[in-house]
Amino acid sequence: MLFNELMFVLRKINKDIDSLVSEFLTQANYFDIEPTDGPILLYMQNNPTTKMTELSKISNQTKAGMSRKINRLKKLGYISHQRCQKDKRISWLELTPKGRMVAEKFIEISSVLNKQLLALIPDHQQNDLLETLTFLANELSKK
C-alpha cells in the first residue's frame, strides 16, 4: 500500500511542477516549449556538442521518443544538427542562439521554483528530503 501512495505522490508532484513550469513558459511567451524540454536544453547548454544517444540516456526516453522531441526542437529552431565528418552515422546536436535563450529561461524558472518549493518545507526537513530523494534516485539508477 505504501508503494502505491509513494507513486501517487511522486506523480502528483511531477505533474504539479510541470504545470508551474508551463505557466512560467507561457508568461515568457514560449508557447512552443514543453516542460520536458528543459532538461534536454539545459544538458545541451552544458555540453555544447551532444549526441542523440546521450540525450536518450539522461532523459530516460527511448531513442524513437527522443528523436521525435529533437526533430520538433530542430523544426522550431532551438537545436541545430551536424553530421560528423569522420563517421556519417554520428550526428552532433547543438543549441542555436534561440535555444540558448530558452535554456537560460529554464535556469531562471528552476531558480524561482526551487525557492518557492523550499519555502514550503521547514528548514530542518529540507536536507532530509534532499538526502532521501537522492538516495532513492541513486538506488533506482542501479537497476
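The values are calculated or read from the model by the stated rules, or taken from the named source; none is laboratory data. Because the structure is a prediction, the values reported are computed rather than measured. Using ideal geometry, Cβ is built from the backbone for each residue, glycine included, and neighbour counts are taken over all protein chains shown. We work out accessible area using only protein heavy atoms, side chains counted, and drop any ligands, DNA or RNA first. Shrake-Rupley method; radii C 1.70, N 1.55, O 1.52, S 1.80 Å.
Do we find that Leu20 is surrounded by fewer than 15 Cβ atoms within 10 Å (Cβ to Cβ) and either among the charged types (D, E, K, R) or part of a helix (DSSP H, G or I) (or both) in this structure?
no
Residues that are under 19 Å from Asp18 (Cβ atoms) and surrounded by fewer than 15 Cβ atoms within 10 Å (Cβ to Cβ) within segment 94-109 comprise Ile107, Glu108, listed in sequence order. Of the residues making up segment 56-74, those that are assigned to a loop (DSSP other than H, G, I, E, B) and either hydroxyl-bearing (Ser, Thr, Tyr) or surrounded by 15 or more Cβ atoms within 10 Å (Cβ to Cβ) (or both) are Gln61, Thr62. Would you be able to say whether some residue in segment 76-96 is of a type in the set (D, E, K, R), out of contact with any Pro (no Cβ under 6 Å at 6 or more places or on another chain) and in a helix (DSSP H, G or I)? Within segment 76-96, none of the residues are of a type in the set (D, E, K, R), out of contact with any Pro (no Cβ under 6 Å at 6 or more places or on another chain) and in a helix (DSSP H, G or I). Residues in segment 37-55 that are open to solvent by 10 Å² or more (accessible area, probe 1.4 Å) and either in contact (Cβ under 8 Å) with a residue 40 or more places away in the chain or not in a loop (DSSP other than H, G, I, E, B) (or both): Pro39, Leu42, Tyr43, Gln45, Asn46, Pro48, Thr49, Lys51, Met52, Thr53, Glu54. Considering segment 23-36, and only residues there that are assigned to a loop (DSSP other than H, G, I, E, B) and more than 14 Å from the chain's Cα centre (by Cα), the residue that is nearest to Val112 (Cα to Cα) turns out to be Ala28. Among residues of segment 110-129 being closer than 24 Å to Ser22 by Cα and among the aliphatic types (A, V, I, L, M), the one that is most open to solvent (accessible area, probe 1.4 Å) is Leu120. Of Leu113, Leu76, all but one fail to be of a type in the set (A, V, I, L, M, F, W, C) and without any contact (Cβ under 8 Å) to a residue 60 or more places away in the chain; the exception is Leu76.
May I ask you to list the residues in segment 75-93 that are charged (D, E, K, R) and open to solvent by 60 Å² or more (accessible area, probe 1.4 Å)? Once the filter is applied, which keeps residues that are charged (D, E, K, R) and open to solvent by 60 Å² or more (accessible area, probe 1.4 Å), segment 75-93 yields Lys75, Arg83, Lys86, Lys88, Arg89.
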